[in-house]
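Chemist: One structure follows; several queries about it will come next.
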Amino acid sequence: MILSSGEEILADELILCTGYSLDLSCLAEEIAQEFMFEGTQGRQLDAYKLVMHRKHPTLCALGFLLSYGNESCVAEMQARWALAHWVGRVALPPVSDVETEMLRRRKSQRKYPQYVMYITYMDSLARDCGISPPTLWTTLLRNPSLFWKLQTAPAVPAHYRLAGSHTWPEAADFIASQPSTLLRWLGTLWAPPHQQGASEILQAPHSRL
């Protein structure tokens with residue numbers, strides 16, 4: 001294999017990650033058509049919160065989005081959000097809310113309407129189903145170390161296992177074991193993105209700060 005730089009690499013196999021074209025042919029045609037719209041980048045999922053079908057709330061799609069965070073973690077949160085509605089733990093959203101959000105997304109002028117801000121989106125789904133991390137001041141007073149890591153360590157699914165349904169007893173210890181990324185982010189002050197070495201700094205996982 002010869003790269004654009006002229007470098008030659010010996011390889012037994014070549015994997016091309018070229019993306020995908022949304023195809024919901026496994027569904028009835030009418031339902032599938034209502035679950036998609038033509039966006040600036042081709043067919044896009046047309047779903048409430050990028051999860052739930054507008055007319056059939058028991059039909060949900062997971063992971064059909066873009067994010068700079070871990071998309072498998074996002075899909076887990078989407079599954080928890082959908083399940084909370086299915087079992088009646090959370091009431092279904094009003095039809096007006098569904099239509100308003102979906103109309104806003106369809107009319108979006110963004111190049112990638114399926115893109116979401118990782119932590120903002122995760123927090124939004126968590127609030128809907130009552131599994132948000134404990135309030136900041138409560139955590140600061142009771143467990144300053146956990147408070148610090150919640151703000152500066154990578155945002156991982158354990159953040160949403162501290163309270164609400166399906167808590168995990170070891171969630172706090174797991175979060176405490178994560179490295180703080182604050183100093184790596186501060187490194188961008190003396191290593192702007194265009195300088196050598198800055199790309200490594202910018203690869204730090206997302207934290208709340």
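Chemist: Quick one: is Ala126 small (Gly, Ala, Ser) and either outside the structural domain of Gln78 (by TED's automatic domain parsing) or closer than 20 Å to Ser180 by Cβ (or both)?
Modeler: So Ala126 fails the test.
Chemist: Let me ask you something else. Name the pairs whose Cβ atoms lie under 8 Å apart, with the first residue in the stretch 26-46 and assigned to a loop (DSSP other than H, G, I, E, B), the second surrounded by 15 or more Cβ atoms within 10 Å (Cβ to Cβ) and charged (D, E, K, R), and 6 or more positions between them or separate chains?
Modeler: Phe35/Asp46; Asp46/Glu34; Asp46/Arg54; Asp46/Arg105
Chemist: For the subset of the stretch 133-183 comprising residues that are buried (at least 18 other Cβ atoms within 10 Å of the Cβ) and charged (D, E, K, R), which member is modelled with the lowest pLDDT?
Modeler: If we take residues in the stretch 133-183 being buried (at least 18 other Cβ atoms within 10 Å of the Cβ) and charged (D, E, K, R), then Lys149 is modelled with the lowest pLDDT.
Chemist: In the stretch 56-73, what count of residues is obtained for those that are assigned to a helix (DSSP H, G or I) and either over 16 Å from Ala126 (Cβ atoms) or touching a Leu at 6+ places or on another chain (Cβ under 7 Å) (or both)?
Modeler: Adding up the residues that qualify gives 2.
Chemist: Just to be sure I understand, how many residues within the stretch 85-128 are part of a loop (DSSP other than H, G, I, E, B), in contact (Cβ under 8 Å) with a residue 60 or more places away in the chain and among the charged types (D, E, K, R)?
Modeler: So the count comes out to 3.
Chemist: Given the conditions (1) in contact with a helix residue (DSSP H, G or I) (Cβ under 7 Å, 6 or more places away or on another chain); (2) at pLDDT below 90, report the number of the one that Pro93 does not fulfil.
Modeler: Tallying (1) in contact with a helix residue (DSSP H, G or I) (Cβ under 7 Å, 6 or more places away or on another chain); (2) at pLDDT below 90, Pro93 fails exactly one: (1).
Chemist: Collect the residues in the stretch 111-144 that are touching a helix residue (DSSP H, G or I) at 6+ places or on another chain (Cβ under 6 Å) and of a type in the set (Gly, Ala, Ser), keeping them in residue-number order.
Modeler: Listed by number, the residues that qualify are Ala126, Ser132.
Chemist: Would the stretch 55-71 turn up any residue that is modelled with pLDDT of 90 or more, surrounded by 15 or more Cβ atoms within 10 Å (Cβ to Cβ), more than 30 Å from Pro154 (Cβ to Cβ) and not polar (S, T, N, Q)?
Modeler: yes
The values are calculated or read from the model by the stated rules, or taken from the named source; none is laboratory data. Everything numeric in this text was worked out from a predicted model, so none of it was measured. Neighbour counts are summed over all protein chains in view; Cβ atoms, including those assigned to glycine, are modelled from backbone coordinates with ideal geometry.
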